[in-house]
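Below is a structure I'd like to ask you about.
The values are calculated or read from the model by the stated rules, or taken from the named source; none is laboratory data. Here the structure is a predicted model, which means the values were calculated and not measured. Counting neighbours? That spans all protein chains shown, and the Cβs are built from the backbone with ideal geometry, glycine included.
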Amino acid sequence: MRSWTSKAQSSQGRSTASRSANLKVLGRYVKTNALLAIIAAVVGLWALQILFTYLSELEDLSDSYTMSDALRYILYRSPYFLEQFIPTGALLGAVVGLGLLANKSELVVMRAAGVSIYRIVGWVLQPALIFVLLALGINQFVLPHSNQLAKEINDEDSSSLVTSVRGYWTVQPRFQNTAEDSTDGDAQPDGSDILYIDYADVQGNIGTVKRWHLDNDGRLQTAIRAEGGQYSGRVAVPTASTEPSEQYRYEWQLNDMTELTINQGFESSQTKSASDTLSLPFAPESVYLLTRVAEDLSLTQLYDHRQLMRQQGNRSLEHELSFWQKLLSPLSILSLVIVACSFVFGSLRTHSLGLRIVVALLFGLLFSYIQDLVGFVSLATGFSPLLMVLLPIIGSAILGGYLLKRQM
């Protein structure tokens with residue numbers, strides 16, 4: 001009796017081990033097919049976008065913008081294209097990979113052998129995680145540098161006839177002391193300055209600087225333009241306390257400055273000087289963050305920008321929206337893969353692979369348009385960017401889970 005029991009237990013153990021080994025083989029097979037299909041889809045969409053960009057740049061060729069400039073621009077812009085097509089490529093690749101297995105009835109055999117749909121979906125999600133990490137790496141380490149290099153070659157904003165809001169704009173109140181060397185804060189309002197800086201880097205170099213001074217009645221008094229400047233150091237802000245000040249003002253030495261002074265009667269005079277000093281309450285790293293558009297900043301830089309704006313009591317919805325879009329992009333990719341799996345399992349016999357691909361592309365485009373739409377709604381209404389970014393992701397995941405559950 002004991003011998004029979006031990007033989008049964010041994011047989012059951014061998015059966016369990018054999019089933020586990022078979023599942024590992026099946027899992028490796030499904031993962032490999034899904035990975036190769038996603039790679040092919042992402043690379044294919046990426047190559048098409050590069051080709052269309054190349055054809056578009058041919059129309060802008062001139063003596064100042066040569067073919068080599070266009071090729072370098074496309075090279076620097078290509079990481080942005082790759083990051084943009086990873087979600088749609090993951091969706092399309094999952095449909096193609098599972099669709100090929102479905103066409104050969106391999107998915108039917110797996111399910112007949114007792115492999116659940118959720119296990120197969122889990123196998124497909126694992127190679128998708130590779131592209132999640134790839135997208136995060138591109139956003140964090142590549143895009144801030146490649147986008148800046150691309151804009152240095154072909155900056156569409158600078159050649160546009162339509163005025164665009166870019167760079168750093170601020171309004172600074174100006175005061176004049178009632179007595180010389182006054183340190184007791186007894187100062188009278190002297191209008192305000194509107195300051196604009198179009199470019200800054202972390203080394204302390206800044207591009208074109210413009211400053212307009214308005215009097216207390218809002219009348220323009222002076223207009224200053226400098227072609228650039230370099231960071232020269234920081235100066236402690238004097239206080240009434242005897243303790244060392246922890247507040248500083250950071251100074252830049254401006255170059256090639258032109259000043260236009262508007263006198264009474266609308267008479268004006270123009271003077272030029274080799275240099276002047278610009279004083280700001282921000283360090284060079286902060287000025288760099290304030291002058292960059294949201295899509296050119298990494299995830300950590302967007303977080304630093306958010307903290308800087310909070311310290312000033314301000315808010316930039318555009319940068320907040322970009323921060324949450326980049327932070328939650330892994331969830332976007334995974335939710336799209338779940339939807340892709342539901343498309344395949346929902347049409348194993350009744351629909352062809354070509355139709356599945358078309359449906360996947362249409363859904364990917366719809367998801368992208370909805371993401372853009374909720375982003376515009378957030379910018380227009382001031383509604384929570386976090387919630388607006390989450391809505392399409394949650395909706396996609398719920399739809400995919402519902403469609404999968406129907407096939408159980």
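Identify all residues within the stretch 367-408 that are closer than 20 Å to residue 125 by Cα, among the β-branched types (Val, Ile, Thr) and under 17 Å from the mean Cα position of the chain (by Cα); write none if there are none.
Within the stretch 367-408, 393 is the sole residue that qualifies.
Something else: Looking at 404, 336, can you tell me which residue is aliphatic (A, V, I, L, M) and either out of contact with any Ser or Thr (no Cβ under 6 Å at 6 or more places or on another chain) or surrounded by 21 or more Cβ atoms within 10 Å (Cβ to Cβ) (or both)?
When all the criteria are applied, what remains is 336.
Here is a check on your reading of the model: is residue 282 crowded, with 17+ Cβ neighbours inside 10 Å and assigned to a helix (DSSP H, G or I)?
No: the conditions fail for residue 282.
Pick out the one residue from 32, 66 that is surrounded by 11 or more Cβ atoms within 10 Å (Cβ to Cβ), closer than 30 Å to residue 88 by Cα and of a type in the set (S, T, N, Q).
Just a single option satisfies the conditions, and that option is 32.
Pick from 61, 149, 133, 129: which is assigned by TED's automatic domain parsing to the domain that holds residue 341, outside any helix (DSSP H, G or I) and loosely packed, with under 15 Cβ neighbours inside 10 Å?
Result: 61 is the single residue among 61, 149, 133, 129 that is assigned by TED's automatic domain parsing to the domain that holds residue 341, outside any helix (DSSP H, G or I) and loosely packed, with under 15 Cβ neighbours inside 10 Å.
For the stretch 152-169, what are the residues that are at pLDDT 55 or above and surrounded by 10 or more Cβ atoms within 10 Å (Cβ to Cβ)?
Hits for the stretch 152-169 are 152, 153, 154, 155, 166, 167, 168, 169.
Take the conditions touching an Asp or Glu at 6+ places or on another chain (Cβ under 6 Å), at negative phi and part of a helix (DSSP H, G or I) and apply them to residue 120. Does it pass?
When the stated conditions are applied, residue 120 does not pass them.
If I go through the stretch 134-155 residue by residue, how many of them are without any contact (Cβ under 8 Å) to a residue 40 or more places away in the chain and not charged (D, E, K, R)?
Summing the residues that are without any contact (Cβ under 8 Å) to a residue 40 or more places away in the chain and not charged (D, E, K, R) in the stretch 134-155 gives 2.
Ok, one more. Cβ-Cβ below 7 Å, separation at least six or inter-chain, first residue in the stretch 297-318 and more than 22 Å from residue 151 (Cβ to Cβ), second outside any helix (DSSP H, G or I) and not hydroxyl-bearing (Ser, Thr, Tyr): which pairs?
Short answer, once both residue conditions are applied: 309/315; 317/382.
Shifting gears a bit: Regarding residue 365, is this residue modelled with pLDDT of 90 or more and either closer than 19 Å to residue 398 by Cα or outside the structural domain of residue 80 (by TED's automatic domain parsing) (or both)?
So residue 365 passes the test.
Now for a separate question. Among the residues of the stretch 75-90, is any in contact with a Lys or Arg (Cβ under 7 Å, 6 or more places away or on another chain) and modelled with pLDDT under 95?
Scanning the stretch 75-90, I find no residue that is in contact with a Lys or Arg (Cβ under 7 Å, 6 or more places away or on another chain) and modelled with pLDDT under 95, so the answer is no.
Being modelled with pLDDT of 90 or more and not assigned by TED's automatic domain parsing to the domain that holds residue 148 is true for just one of 307, 312. Which residue is that?
307
Further question: Quick check: is even one residue across the stretch 306-323 farther than 21 Å from residue 41 by Cα and hydroxyl-bearing (Ser, Thr, Tyr)?
The answer is yes; a qualifying residue exists.
Go through the stretch 323-346 residue by residue and tally those that are out of contact with any Gly (no Cβ under 9 Å at 6 or more places or on another chain) and among the polar types (S, T, N, Q).
Number of matching residues: 2.
If you don't mind, another one. Have a look at 258, 277, 271 and point out the one that is in contact (Cβ under 8 Å) with a residue 40 or more places away in the chain and out of contact with any helix residue (DSSP H, G or I) (no Cβ under 7 Å at 6 or more places or on another chain).
277
Return the residue satisfying two criteria in turn: it lies in the stretch 70-79 and is crowded, with 16+ Cβ neighbours inside 10 Å and out of contact with any Asp or Glu (no Cβ under 9 Å at 6 or more places or on another chain), and of such residues it is nearest to residue 151 (Cα to Cα).
Looking at the filtered set, the residue picked out is 77.
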